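Structure first, then comments.
The values are calculated or read from the model by the stated rules, or taken from the named source; none is laboratory data. Please read these numbers as outputs of a predicted model, since none were measured by experiment. Please note: Cβ atoms are built from the backbone with ideal geometry, for glycine as well, and neighbour counts cover all protein chains shown.
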Amino acid sequence: MELKDLEHDTPIEGTTLFDGEMAMKGYGLNKMSFSFNEANARAEYVLDPEAYMDKFKLSEAQKQACRDKDVLALIREGGNIYYLAKFAGIFRLSVQDIGAQQTGMSVEEFKQKLLDQAK
Amino acid sequence: MELKDLEHDTPIEGTTLFDGEMAMKGYGLNKMSFSFNEANARAEYVLDPEAYMDKFKLSEAQKQACRDKDVLALIREGGNIYYLAKFAGIFRLSVQDIGAQQTGMSVEEFKQKLLDQAK
Amino acid sequence: MARILGGITTSHIPAVGHAIANELFEDPYWKPFFAGYPPIHEWLAKHKPDVVINIYNDHGLGLFLDKMPTFAIGAALEYQNADEGWGLKQLPPFKGDAPLSWHIIEGMVEDEFDICSCQELPVDHGFTVPMQLFWPGLNENPNMPRAIPISANTVQHPIPTLKRALDFGKSLRKAVLSWPEDVKVVVLGTGGLSHQLDGERAGFINKDFDTYCMDKIVSEPEELTKISRKELVRQAGAQGTEFLMWMMMRGALGEKVNLVNKNYHLPISNTGAGTMLMECMDEEMVQAAE
Amino acid sequence: MARILGGITTSHIPAVGHAIANELFEDPYWKPFFAGYPPIHEWLAKHKPDVVINIYNDHGLGLFLDKMPTFAIGAALEYQNADEGWGLKQLPPFKGDAPLSWHIIEGMVEDEFDICSCQELPVDHGFTVPMQLFWPGLNENPNMPRAIPISANTVQHPIPTLKRALDFGKSLRKAVLSWPEDVKVVVLGTGGLSHQLDGERAGFINKDFDTYCMDKIVSEPEELTKISRKELVRQAGAQGTEFLMWMMMRGALGEKVNLVNKNYHLPISNTGAGTMLMECMDEEMVQAAE
Ligand SMILES: [Fe+3]
Ligand SMILES: [Fe+3]
C-alpha cells in the first residue's frame, strides 16, 4: 500500500472536494435539497419547481441543472451529494441511476462496472 | 488571590450549575423560552399561557413557576437564565427586577447592593 | 464500573435496510454480505450489551450546513428516526441513555474535545441500518440496548483527521470506563468502506485499500493516522471518508483487541462493505486478573 | 500576509446598547464606563483593521440546547441580528469575511480543534453591542471592518476549560497568520467580567477577582489556566464564565502584548465591566525587523 500526502492543490481525478468554497456557492441549492426531507416540501417542488427554487434564491445555472436533473452540473454549482440525494429521491433516482448518468454509462453498464471491481 | 479547585460535588452557595441533569429537566421549559425570541410566540403565550405551555409539555411544577413568574422555582425546575430572560422579557422584567425577586429585596435595595460592591 | 466489550463495524447504506425489510438474506446478491452477521449475532446474544454507542455520520437529516459540528454526541432520552427524503417507513424512536451521554460529554470536554451536545438529534440510516442489522426487531428485541448516537462530520471539508478520529475514540474510552454504573457497552463504527457517489469517478471502489484498512485497524491503527484526509478521499472515494467512524470506534477499544469476525464483500450498492467484530482484550485481561 | 494588530475586551450587556441609543455618555451612571472607550476609538482610527474577529458567547439567539457546540465559527457572507425576545430594534446585517472564516476553520480543524462551522448564525447582543461600541454608526462608519463571529458555549456545562480557551486563541492566531492576504485583524473578547443573574446569589460581583484577571491576562495568561471551571463560577459568578472569551482572545495575541488601555467600573447593570486594549508586540517586532 503506497500512501501519498497530496498537496492541498492537487486535484483528485473526477472528484470535487466539498469545501468552504463549494459550500458557499451551493448553500441555497443544498438548503433546498435539505428541505426535501419533508414530504410536503417535495410535493411543493413538484407542483411548481420554479417558485420553489426562487424561494431558496437559486442561481440560473443551479436552476437549469435542477430542471435538467444534471448531477454533474449540480455538483459543479455547489451541490453536495448527501443533500442532492434527497433531490434525486423526488424522481426516484437511485445511486446507480445517478452513477450511470455521471459516468455516461447505461445503468446496466454502471452496475457491471461495480461488479467488476470485485476481481 | 487564593484559587481553589473545587470538588465536583462541592456546591457553590446560591448557585445552580446548569449541567446535563438540569438541562434534561428543563428542556421543554427552555425550548419554550427560546421560542420567545419571536414576537408572535410571545403574543401567543400572552393570549393563552396554558395552551402554549402544553405545547412544550411543561411539568405542573414548571407551569406553576411560570404562572407565578417565580424565577428561583423556574431555575429549580431546569430553567436556564439565558432563556428565562426571554420569558421575563414578556413581562418587561429587567435583570434588576429578577435579581431583587430572587434575593428577596426591593429593586432599590438590590441596586444598592450592586453599587456597594464597588467599594 | 462500565466496561467496553468490543467494537463492531458495518456498512450502513440504505439498500441494506431494504434488503432486511424484504428478507433478502438468501438472495444471491445479498447472501455474501449477510454472511458476515451470524457470528456477530451470536456474540451479541452471549454478551448482551446494555448500551450501544453508535458512531455514524449524519447524511443531512439531523444536521445541516447552517451549523455543522465536527463531533456531535446525542444527549437525549430518545432519538427519532424520520423520512430522509425517499418516503421510507419511519422507525419507532430509539431509547437513549442520557445520563451516560452527559458523563461522556463532561469527560471529553474536560479532555479537550470540543463536543457539540445534542438534546435533539433525528437519526438517519447511518444510525438505524446498523441497529436493524444487529438487533433484528429493534424495540421488539429483548436484547435491544440503550443507544448513544455520535456523529462525525464527513459532509463538509474540513473533516477531522484520522489521528483526531482515533484520539476521539481513546478519549471516549476514558470517559466510558470512568462511569461508575455497571454497564456493558459495545461501540459501533458504521459506514464505508470505499465508495464514491458523486462526480465522474462515481462508482469507484478500492478493494486493495479497504483490505489494507481492515488489516491495519486491528493491531496497528496508529499506522492509519499517517493517511492524510486528501489521500483518504483519493484512496477510499469521496464518501469513503466514512472510515473515520471506524477509527473513532477503534480508539475506544483500547490497545489490544481480539478479532472475532471479519467479512468483506463488494459491491453492495456502490460500496465495498466491511464487517468486523473486535473484542476488547485489555478489559478481558482486567477481568481475568480480578 | 495577515497581521493581528491587537485585542480588545469589553462588556457586551444589552443595557450598553440602550445607553448608546440614548447617548447617555455624560450621564453620571454611564460616564465612568464610557471613559474606557476614547483611547480605543483613537487606536482603531489610527490602525483601521480590515477584519474584526468577534469572540462572544451566544445567549440563546443563534444557538439552542438541541445542538450546542463548544466552539462555533461563522462562515457566512453576512450575519443577521434579530429580536432576542425584548422587542429591541433589529440592526442591519453585518458583513462577513467568509473566505478568511473558511481558512481559519481549515487551519483549526487540522490543528485538532473540533469546530462547528456556521453558514447561518444570527448574532445577539454579545456580538452587536461591542460592534456598536467600537464602530459607532456600524455600516455608516467608513472604518467598519468585515466581521467573523466566534461563539463559545457558556450556556450549558460542560463549558470549555480556561486552558482550552487560551489554546483555542493560539490556534486561531496560527490560522490567521497563515492567511496570504494582506489584511489587518483585530480580535475582540467580549462579555464578563464577574456577574451572576440567577439564584440566591444574583447580583454577585467580585472586584478582587476581576482585578486579578485583568492583571494576569496581560503578561501571565497561562497562570489563569490553573483556574478550574467550577472555581471560575465561584469567583466570577455563574455568568462570569464569559471570561473564557477573554482567554480565547488573549491566546490570539501571541506571547507579548503592550497594554494600551485599561478601564474597570462596577456596577454596569449587574456586572463588573472591564475594558482593555492590548497591542500585539510580536507582530510589531516582526514589522520593525523587516
Ligand atoms: Fe453513509
Ligand atoms: Fe453576556
Within region C:157-185, the residues that are away from chain D (no Cβ under 14 Å) and aliphatic (A, V, I, L, M) are C:176, C:177, C:183, C:185
Options C:101, C:178, C:151: the member that is within 16 Å of ligand 1 (Cβ to nearest atom) and of a type in the set (Ser, Thr, Tyr): C:151
Six or more apart or on different chains, Cβ atoms under 6 Å: show the pairs whose first residue is in region A:68-93 and facing another protein chain (nearest Cβ under 8 Å) and whose second is modelled with pLDDT of 95 or more and surrounded by fewer than 20 Cβ atoms within 10 Å (Cβ to Cβ). A:71/A:101
For residue C:66, state whether it is within 14 Å of chain B (Cβ to nearest Cβ) and either more than 16 Å from ligand 1 (Cβ to nearest atom) or more than 23 Å from residue A:87 (Cα to Cα) (or both). no
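Residue check: is residue D:191 on the phi > 0 side of the Ramachandran plot, in contact with a His (Cβ under 9 Å, 6 or more places away or on another chain) and of a type in the set (Gly, Ala, Ser)? Walk me through how you get there before you give the answer.
Numbers: on the phi > 0 side of the Ramachandran plot: yes; in contact with a His (Cβ under 9 Å, 6 or more places away or on another chain): yes; of a type in the set (Gly, Ala, Ser): yes.
Yes, satisfied.
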What do you reckon, is residue C:190 touching a residue at least 12 places away in the same chain (Cβ under 8 Å), under 16 Å from residue C:248 (Cα atoms) and within 16 Å of ligand 1 (Cβ to nearest atom)? yes
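Do the conditions hold for residue D:58, that is, is it away from ligand 2 (no atom under 16 Å from the Cβ), touching a residue at least 40 places away in the same chain (Cβ under 8 Å) and among the acidic types (Asp, Glu)? Break it down stepwise before answering.
On the way: away from ligand 2 (no atom under 16 Å from the Cβ): no; touching a residue at least 40 places away in the same chain (Cβ under 8 Å): yes; among the acidic types (Asp, Glu): yes.
Spelling it out, it is not the case that residue D:58 is away from ligand 2 (no atom under 16 Å from the Cβ), touching a residue at least 40 places away in the same chain (Cβ under 8 Å) and among the acidic types (Asp, Glu).
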Report whether or not residue C:73 is touching a Leu at 6+ places or on another chain (Cβ under 7 Å) and either at pLDDT below 95 or surrounded by 22 or more Cβ atoms within 10 Å (Cβ to Cβ) (or both). no
Any chance you could count how many residues in region D:118-134 are acidic (Asp, Glu) and either within 16 Å of ligand 1 (Cβ to nearest atom) or over 18 Å from residue D:98 (Cα atoms) (or both)? 1
Has region B:56-72 got at least one residue that is crowded, with 19+ Cβ neighbours inside 10 Å, at pLDDT 95 or above, among the β-branched types (Val, Ile, Thr) and within 23 Å of residue C:76 (Cβ to Cβ)? no
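Any idea how many residues of region A:74-91 are farther than 11 Å from residue C:198 by Cα and not charged (D, E, K, R)?
Residues flagged as farther than 11 Å from residue C:198 by Cα and not charged (D, E, K, R) within region A:74-91 amount to 7.
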Scanning region D:141-156 residue by residue, those crowded, with 22+ Cβ neighbours inside 10 Å and more than 8 Å from chain C (Cβ to nearest Cβ) turn out to be D:145, D:147, D:148, D:149, D:150, D:151, D:152, D:153, D:154, D:155
Looking at residue D:47, is it within 16 Å of ligand 2 (Cβ to nearest atom) and either surrounded by fewer than 21 Cβ atoms within 10 Å (Cβ to Cβ) or among the small types (Gly, Ala, Ser) (or both)? no
Anything in region C:107-140 that is in a helix (DSSP H, G or I), of a type outside the set (A, V, I, L, M, F, W, C) and within 12 Å of chain B (Cβ to nearest Cβ)? List them, or say none. C:107, C:110
Condition test on residue C:104, is it under 20 Å from residue C:186 (Cβ atoms), β-branched (Val, Ile, Thr) and within 14 Å of chain B (Cβ to nearest Cβ)? yes
Scan region D:77-88 for residues that are among the charged types (D, E, K, R) and touching a residue at least 12 places away in the same chain (Cβ under 8 Å) and jot them down. D:78, D:84
Please verify whether residue D:113 is more than 16 Å from ligand 1 (Cβ to nearest atom), in contact (Cβ under 8 Å) with a residue 12 or more places away in the chain and in contact with a Pro (Cβ under 9 Å, 6 or more places away or on another chain), treating the condition exactly as stated. no
All but one of (1) within 28 Å of residue A:9 (Cα to Cα); (2) within 14 Å of chain A (Cβ to nearest Cβ) hold for residue C:246; which doesn't? (2)
With respect to residue A:23, determine if the residue is in a helix (DSSP H, G or I), within 13 Å of another protein chain (Cβ to nearest Cβ) and surrounded by fewer than 19 Cβ atoms within 10 Å (Cβ to Cβ). no
From the options D:40, D:8, residue that is part of a helix (DSSP H, G or I) and in contact with a helix residue (DSSP H, G or I) (Cβ under 7 Å, 6 or more places away or on another chain): D:40
Within region B:94-115, count every residue that is loosely packed, with under 15 Cβ neighbours inside 10 Å and within 9 Å of chain D (Cβ to nearest Cβ). 2
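Which one is nearest to ligand 2 (Cβ to nearest atom), of the residues in region C:192-228 that are of a type in the set (Ser, Thr, Tyr) and over 18 Å from residue A:15 (Cβ atoms)?
C:225
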Which numbered condition in (1) part of a loop (DSSP other than H, G, I, E, B); (2) out of contact with any Leu (no Cβ under 6 Å at 6 or more places or on another chain); (3) buried (at least 21 other Cβ atoms within 10 Å of the Cβ) is the only one that residue D:23 fails? (3)
For region D:180-191, the count of residues that are more than 16 Å from ligand 2 (Cβ to nearest atom) and closer than 14 Å to residue D:252 by Cα equals 4
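Residues D:149, D:130: which one is within 16 Å of ligand 2 (Cβ to nearest atom) and touching a Cys at 6+ places or on another chain (Cβ under 9 Å)?
Being within 16 Å of ligand 2 (Cβ to nearest atom) and touching a Cys at 6+ places or on another chain (Cβ under 9 Å) holds for just one of D:149, D:130, which is D:149.
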Do we find that residue A:24 is closer than 18 Å to residue D:119 by Cβ, at pLDDT 95 or above and not charged (D, E, K, R) in this structure? yes
Please list, ordered by residue number, the helices (runs of 4 or more DSSP H) wholly in region D:162-257 having 1 or more residues that are surrounded by fewer than 19 Cβ atoms within 10 Å (Cβ to Cβ) and hydroxyl-bearing (Ser, Thr, Tyr). D:207-219
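Quick grid of which residues meet (1) at pLDDT 95 or above; (2) touching a Lys or Arg at 6+ places or on another chain (Cβ under 9 Å); (3) within 16 Å of ligand 2 (Cβ to nearest atom):
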residue	(1), (2), (3)
D:4	yes, yes, no
D:15	no, no, yes
D:40	yes, no, no
D:65	yes, yes, no
D:69	yes, yes, no
D:79	yes, yes, no
D:86	no, yes, yes
D:90	no, no, no
Go through region B:94-119 and give me each residue that's within 13 Å of the chain's Cα centre (by Cα) and outside any helix (DSSP H, G or I). B:94
So, residue B:82, is that one more than 11 Å from the chain's Cα centre (by Cα) and part of a helix (DSSP H, G or I) or not? no
